[in-house]
1. What residue, among those in segment 183-196 that are open to solvent by less than 50 Å² (accessible area, probe 1.4 Å) and among the β-branched types (Val, Ile, Thr), is modelled with the lowest pLDDT?
2. Would you mind telling me which numbered condition in (1) touching a residue at least 40 places away in the same chain (Cβ under 8 Å); (2) assigned to a helix (DSSP H, G or I) Ala139 fails?
3. Take segment 123-146 and flag every residue that is among the β-branched types (Val, Ile, Thr) and either within 24 Å of Ser70 (Cβ to Cβ) or open to solvent by 60 Å² or more (accessible area, probe 1.4 Å) (or both).
4. Give the number of residues within segment 158-182 that are surrounded by fewer than 16 Cβ atoms within 10 Å (Cβ to Cβ) and either within 16 Å of Trp124 (Cβ to Cβ) or of a type outside the set (A, V, I, L, M) (or both).
5. So, in segment 157-174, of the ones that are touching a residue at least 60 places away in the same chain (Cβ under 8 Å) and part of a helix (DSSP H, G or I), which residue ends up nearest to Ile82 (Cα to Cα)?
6. Show me the helices (runs of 4 or more DSSP H) found entirely inside segment 22-110 where at least 3 residues are at pLDDT 90 or above.
Amino acid sequence: MTTTPAGWYPDPDNATQLRWWDGAQWTENRSAPPVANPYSTSAADLKAPDGTKWNTVWIWIIVVIPFVPSLALLTVDWSSMIDFTSGSEAEMMLRMYTNPAYLGSILGGFIAYGLGVWFAYIDWRELTRRGVPRPFHWAWNFITPVYAIGRSVVVRRRTGRGISPMWVTIALLVLSFIYSIVFSVFILSSVFSQIAQMPGLISR
């Protein structure tokens, strides 16, 4: 007398399929074996080997490089650039758009964007080589600064360390936001000051 409980078991007549055992005998109910999901991975499988280094020079370049071109704007004398008294508005705009520092910041922004994507690929490849399972994909750096933040979160989960690039990225974003507000206030105050000193400016 068998004590095998009812259930699906390998078919004794065909090992490539399952057959229902009702607890006493084989039935005619047969089924294909379940197919394993290749994308299902346990949390243990996603852990990097102990001692895996998360830090690379590339991630820090990726964090900093988007903000470097804007530093050129700090060298511009905006008080003389935004000057309605030295010509028409078209001439003022021409002075700004032909300023070397302004042009350098624009061109540098495109270069920094391209280099950031390239460095993200190198960083992703290096993490893969070190044994970090499924690191955050480099293509996310097309949406700056998603890669630096996502990479930090994923690496932290895989290795237990490596969250600091995310905090540095957030700090730089906050600083750039504050700088943008201060810059906007300065420009507006300069414009309003000139308008107040030149009553005929609006009618010109």
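The values are calculated or read from the model by the stated rules, or taken from the named source; none is laboratory data. Keep in mind that this is a model prediction, so the values were computed, not measured. Every residue, glycine among them, receives a Cβ derived from its backbone with ideal geometry; neighbour counts consider all protein chains shown. Please note that ligands, DNA and RNA were not included when accessible areas were found on the heavy atoms of the full protein model with its side chains. Shrake-Rupley method; radii C 1.70, N 1.55, O 1.52, S 1.80 Å.
1. So, considering only residues that are open to solvent by less than 50 Å² (accessible area, probe 1.4 Å) and among the β-branched types (Val, Ile, Thr), the one modelled with the lowest pLDDT is Val191.
2. Status for Ala139: all satisfied but (1).
3. Thr128, Ile143, Thr144, Val146
4. 8
5. Keep residues of segment 157-174 that are touching a residue at least 60 places away in the same chain (Cβ under 8 Å), which gives 157-159, 161-162, 165, 168-169, 172.
Restricting the remaining residues to those that are part of a helix (DSSP H, G or I) gives 157-159, 165, 168-169, 172.
Numbers: Arg157: 49, Arg158: 51, Thr159: 51, Pro165: 37, Val168: 33, Thr169: 31, Leu172: 27 Å.
Residue satisfying both the conditions and the ranking: Leu172.
6. 57-64
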